[in-house]
Amino acid sequence: MSCLSLDFSNLFIDENSLDALQPSIETCHDMLERGNGPGSDFLGWRNLPAAITESHLIEIEGVAQSLCDQCEIFIVIGIGGSYLGAQAGLNFLNATFRNQFGKGGRPEIYFAGHNISSDYHADLFDLIAGRDVCLNVISKSGTTTESAIAFRLLKEQIEKKYGLEGAKDRIVVTTDASKGALNQLAKEQGYRKFVIPDDVGGRYSVLTPVGLLPMAVAGVDIGKLIEGASRGQELYSHPSTKKNDAYRYAGVRHLLYSKEKTTEILATFQPAFHYFAEWWKQLAGESEGKDLKGIFPASVEFTSDLHSMGQWIQEGKRNIFETFLLIEKSNRQLKIPTFQNDADGLNYLAGKTLDYVNNKAYQGTALAHTEGDVPNLSITVKDRSPESLGQMFYFFERAVAMTGYLNGVNPFDQPGVEFYKKNMFKLLNKPGF
């Protein structure tokens, strides 16, 4: 049974339009399956869930446990796809105010190397002072500026505290199999190493050790996560939009884009989706935004943002459509109490759960935005479980890859990212620039 259910009823798109798109979807599906389309060198994500072996998961869990035995704080160093998937998973699966702690005495988990802020990293150093720390540095090349700087800073602190030999056991690298600066350093220093497959790009790497190791350190059942992703692989590998919700979602996104709906707003009603939305924005933005094409991915958190962005969505420029991302069942239920004097006028809700009220807020929002000519659809995930998360990851990977091909771009490269780097390196007087 699927962990996701979709409602396409508020899209202003008739079924005939989607049927007419089916031949194009089948052509793009063949390119994905046969590997003869643009970016075919980076299709390893497609069959990744089924390809992950039990022994590989055991290896990851074993290293995760050894790290937990050594440290109070675990720092993940990476940028973009090297950290967003792990942070999305921890935010979705763990308690809101536990700093992404795992269960049973797991270490606190923090992230570094995704910015070049002095204050951010200095505050992190203050936080870890006097505490036992382990690092996981994630980079295919090992030369990504933001991550490499953070690793230099943290590596220096680790080596001062534990010595070169002691630091060796506290640093794990996740990098290329055979090349790159980080791979070479791992060989020289004797660091434990996990491999990012050559045919998996960064934003599609959450189901590799890039995402699996940090989540395992937090106590996530990564076996269940892969089970959910494998279920997604089964469900979303059929060429027909009538049998494949990921392709149906991709199809309606393409049709709305062709009607000048150029911005997609991912709207959530649960803070647990905060970093999942960030992961989705990178996946969609880097995959689709090129050749002067692409849907601009944005996100909002309701009901909070209904009091800020709600006005714009309701009555602003009609170049938007909305995807509601919902949770069917929260981990716990809270009921609204009765107040004797009813001074706040809320006794009419007494005995109702917060989920009940939140769902009515969603329904009211969807109705209001439909009346405001904002096409919208909803994706409801069954619960906050590793299985549901794994299926969600795979669902969006398939859908975004399909949308990219439908729009005539390579969904697996990101040439535009290099422009800021070249300018920055020139300004920094980097040799060769």
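The values are calculated or read from the model by the stated rules, or taken from the named source; none is laboratory data. Just so you know, these numbers come straight off a predicted model, no measurement behind them. When we count neighbours, we look across all protein chains shown, and the Cβ atoms used for this are built from the backbone with ideal geometry, even at glycine. For the accessible areas, the whole protein counts, side chains as well, though only heavy atoms, and no ligand, DNA or RNA atoms are used. Shrake-Rupley method; radii C 1.70, N 1.55, O 1.52, S 1.80 Å.
Computed quantities for the displayed model
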| read-out | value |
| --- | --- |
| Heavy-atom accessible surface of the stretch 349-433: percent carbon and sulfur, 1.4 Å | 58 |
| Thr380 paired with Asp169, simple spin-label distance in nm, labels 7 Å along Cα-to-beta-carbon | 5.1 |
| Label point distance in nm, Leu292-Gln314, each placed 7 Å from Cα along Cα→Cβ | 3.7 |
| Helix-only mean residue ellipticity at 222 nm for the chain, each DSSP H run of n ≥ 4 adding -39500 (n - 2.57), per residue, nearest 500 | -15000 deg cm²/dmol |
| Dipole in debye (nearest 20) - the stretch 77-230, about Cα centre, beta carbon charges: Lys, Arg +1; Asp, Glu -1 | 220 |
| Assigned charges on the beta-carbon of Lys, Arg, Asp, Glu; the chain dipole about Cα centre (debye) | 600 |
| Accessible area of the stretch 45-84 belonging to carbon and sulfur atoms, whole % at 1.4 Å probe | 52 |
| Within the accessible area of the stretch 239-339 (1.4 Å probe), percent carbon and sulfur | 53 |
| Efficiency of FRET from Cβ geometry, Lys335 and His274, R₀ 22 Å, rounded to 0.05 | 0.30 |
| Extension reserve of the Lys259-Ala343 stretch, reckoned as 0.36 nm per residue once the Cα distance is removed | 25.4 nm |
| Full-stretch length increase - Glu72, Leu354 - with 0.36 nm per residue and alpha-carbon distance subtracted | 98.1 nm |
| Surface per residue (accessible, 1.4 Å probe) for the chain, Å² | 45 |
| Residue-wise HN-Hα coupling along the stretch 126-135, computed from phi with Karplus coefficients 6.51, -1.76, 1.60 (Hz; x: Gly, Pro) | 4, 5, 8, 4, x, 10, 7, 10, 10, 10 |
| Net dipole in debye of the stretch 109-180 [+1 Lys, Arg Cβ; -1 Asp, Glu Cβ; about Cα centre; nearest 20] | 240 |
| Using a Förster distance of 45 Å, the FRET efficiency for Tyr420-Ser5 (Cβ separation, nearest 0.05) | 0.70 |
| Distant-in-sequence amide H partners of Ser299 (H built 1.01 Å from N, under 5 Å) | Leu266 |
| Low-density loop cleavage sites - GluC sites (Glu not before Pro) in the stretch 247-292, where at most 11 other Cβ are within 10 Å (DSSP) | Glu260 |
| Relative contact order computed over the stretch 229-364 (Cα-Cα under 8 Å; 6+ residues apart), in percent | 23 |
| Potential extension, Asp41-Ala181 segment - 0.36 nm per residue separation minus Cα distance | 48.2 nm |
| Cysteines in the chain lacking a second Cys C-beta under 4.7 Å | Cys3, Cys28, Cys68 |
| Spatial separation of Cα centroids for the stretch 162-192 and the stretch 42-92, in angstrom | 17 |
| Charge dipole of the chain about the Cα centre (unit charges at C-beta), most positive-ward option of Gly251, Ser139, Ile171 | Ile171 |
